[in-house]
Amino acid sequence: MSENSAPSSLDDIPLTTIDGVATTLADYAPVKLIVNVASRCGLAPQYEVLEQLQKTYGERGFTVLGFPSNQFLQELSGTEAIKEYCSTTWGVTFPMFDKVKVNGRSAHPLYSALTQTPDASGKAGRVAWNFEKFLVTPDGTVHRFRPSVQPDAPEIVSAIEAALPA
């Protein structure tokens, strides 16, 4: 994916919120951290760190966007259960979306586009696991961070801060 093609194509992809409302990325803050989440994953404590990023940078034009996925068989079955788990266990206030597939022929179009972006080691392609992170900046640049990279890792925080207005 070229940096120049990202804004219109990513912003125009139809999405559905966890409450069933049709939307697109264009409806959200200019700096977005898109994360495929799963409630029963050992990485679920990252929810707490994601929420802290939301609280720290939300007022400045940043948002975390959570996309539940059961592709790795670790997500709850119903949207109500996912919403309840996220809010009661981790205090999640950032936007959550309908469950999506992140890999394969039936991958959601958003993830088909995002996974073309290489990570820091230059590897593009399939989402490796739950809690893979894609930071989309206002100019359409996509930065990819693998699941083991904590949401508050210096490379993510510095990229967020560089993309936000002072």
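The values are calculated or read from the model by the stated rules, or taken from the named source; none is laboratory data. All of these numbers come straight from a predicted model, not from anything done at the bench. Please note: Cβ atoms are built from the backbone with ideal geometry, for glycine as well, and neighbour counts cover all protein chains shown.
Within the stretch 65-84, is even one residue at pLDDT 95 or above and within 25 Å of ALA166 (Cα to Cα)?
Yes, the conditions are met somewhere in the stretch 65-84.
Is one or more of the residues making up the stretch 69-76 in contact (Cβ under 8 Å) with a residue 60 or more places away in the chain, crowded, with 18+ Cβ neighbours inside 10 Å and within 25 Å of LYS123 (Cα to Cα)?
First, pick out the residues of the stretch 69-76 that are in contact (Cβ under 8 Å) with a residue 60 or more places away in the chain: 69.
Adding the requirement that they be crowded, with 18+ Cβ neighbours inside 10 Å leaves 69.
Keeping just the survivors that are within 25 Å of LYS123 (Cα to Cα) gives 69.
The answer is yes; a qualifying residue exists.
Under 7 Å between Cβ atoms, which residue pairs at least 6 apart in sequence (or on different chains) link something in the stretch 19-38 that is without any contact (Cβ under 8 Å) to a residue 60 or more places away in the chain with a partner that is among the acidic types (Asp, Glu)?
THR24/ASP11; THR24/ASP12; ALA26/ASP11
This table checks each residue for (1) surrounded by 14 or more Cβ atoms within 10 Å (Cβ to Cβ); (2) closer than 24 Å to GLU48 by Cα; (3) free of Cβ contacts under 8 Å to residues at least 24 places away in the same chain; (4) touching a Leu at 6+ places or on another chain (Cβ under 8 Å).
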residue	(1), (2), (3), (4)
THR88	no, yes, yes, no
PHE94	yes, yes, no, yes
PHE97	yes, yes, no, yes
LYS101	yes, yes, no, no
ALA107	yes, no, yes, no
ALA113	yes, no, no, yes
LYS123	no, no, yes, no
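Can you tell me which residues in the stretch 7-48 are buried (at least 17 other Cβ atoms within 10 Å of the Cβ), modelled with pLDDT of 95 or more and either among the small types (Gly, Ala, Ser) or assigned to a helix (DSSP H, G or I) (or both)?
LEU25, ALA29, ALA38, SER39, ALA44, GLN46, TYR47
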